[in-house]
1. Taking the criterion of being among the hydroxyl-bearing types (Ser, Thr, Tyr) and more than 21 Å from Arg200 (Cα to Cα), would at least one residue in segment 44-61 satisfy it?
2. In segment 187-198, which residue that is of a type outside the set (S, T, N, Q) and assigned to a loop (DSSP other than H, G, I, E, B) is farthest from Asn11 (Cα to Cα)?
3. Would you mention how many residues in segment 28-51 are under 16 Å from Gly73 (Cα atoms) and buried (at least 16 other Cβ atoms within 10 Å of the Cβ)?
4. Mind checking which residues of segment 69-88 are in contact with a helix residue (DSSP H, G or I) (Cβ under 8 Å, 6 or more places away or on another chain), among the hydrophobic types (A, V, I, L, M, F, W, C) and in a helix (DSSP H, G or I)?
5. Cβ-Cβ distance below 7 Å, separation of 6 or more or different chains: which pairs start in segment 166-189 with a residue that is among the acidic types (Asp, Glu) and end on one that is assigned to a helix (DSSP H, G or I)?
6. Take the residues in segment 94-119 that are over 21 Å from Ala136 (Cα atoms) and charged (D, E, K, R); name whichever of them is surrounded by the fewest Cβ atoms within 10 Å (Cβ to Cβ).
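No value in this document is a laboratory result; all are computed from the given coordinates. All values derive from a computational prediction rather than experimental measurement. Please note: Cβ atoms are built from the backbone with ideal geometry, for glycine as well, and neighbour counts cover all protein chains shown.
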Amino acid sequence: MHTYKLYYFVNRGRAEAIRQVFHLSGTPFTNEILTAETWPPLKDEMPLYQVPVLEVDGHHKIGQSVAILRYLGNELGLSGKNHLENGRLDMIAEVIQEFNNDPGVGHWAYVLMGVDHQDKEDYFRLKVRPGIGKYAPLIEKMLMENGNNGLFLGDKETWVDVFAAESFGRLLDYGEESSLDAYPHIKAMITRVHNLSGIREHIHNREHTVC
């Protein structure tokens, strides 16, 4: 069995879906919480000089959140059954990451943390909601194509379900509760994934953070 250490800061950010994949699969890992003091000495050791980073067996390091999620999905039984199913999951994951990297959505964390002092409600309405309007219909469509079960692929939870539920769920947690009302399948997915054994307990016990 591999050993895993995940490097990130205390906030949810780009690492929360990775943590949830570990908890869903029941896989032990070290959640290495970085601080302003501990991060600078470690930065040069990271492959891309940024986090999240997953360390495997004490010396193999993987950067980029989607690459980590895909690796864990394959390792922990949370991927598709064949290359075609995994190709579809990768397609959906690319759309989710495009949403996360949308200029308005991507910068939102800095507003929530107070680094950018714009009004949080105005920013969400003017800069985040357009990103929702662009990408949520695509995710809603892909969920509908799989039926009415709140998943992307058959009746089995995958790493992409976890990734999507976290990416869109934070809109409800930090933005506007009504922001996904037009997308009932996305809301059903969030509810289903966040009530899975392992994830449900993690969400209940995790520290509240600003983003």
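1. Going residue by residue through segment 44-61, those that are among the hydroxyl-bearing types (Ser, Thr, Tyr) are 49.
Going one step further and asking which of them are more than 21 Å from Arg200 (Cα to Cα), we end up with 49.
The answer is yes; a qualifying residue exists.
2. Step one: filter segment 187-198 for residues of a type outside the set (S, T, N, Q), giving 187-190, 192-194, 196, 198.
Narrowing the set further to residues that are assigned to a loop (DSSP other than H, G, I, E, B) leaves 196, 198.
Numbers: Leu196: 21, Gly198: 19 Å.
Here the residue is Leu196.
3. Just the residues of segment 28-51 that are under 16 Å from Gly73 (Cα atoms), to begin with: 28-29.
Keeping just the survivors that are buried (at least 16 other Cβ atoms within 10 Å of the Cβ) gives 29.
So the count comes out to 1.
4. Scanning segment 69-88 gives Leu69, Leu72.
5. Glu166/Glu16; Glu166/Ala17; Glu166/Gln20; Glu176/Phe124
6. Among those residues, the one meeting the criterion is Asp119.
Rundown of residues vs (1) closer than 27 Å to Phe29 by Cβ; (2) under 16 Å from the mean Cα position of the chain (by Cα); (3) among the polar types (S, T, N, Q), yes/no style:
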site	(1), (2), (3)
Asn100	yes, yes, yes
Pro103	no, no, no
Asp116	no, no, no
Arg129	no, no, no
Lys134	no, no, no
Met142	no, no, no
Asn146	no, no, yes
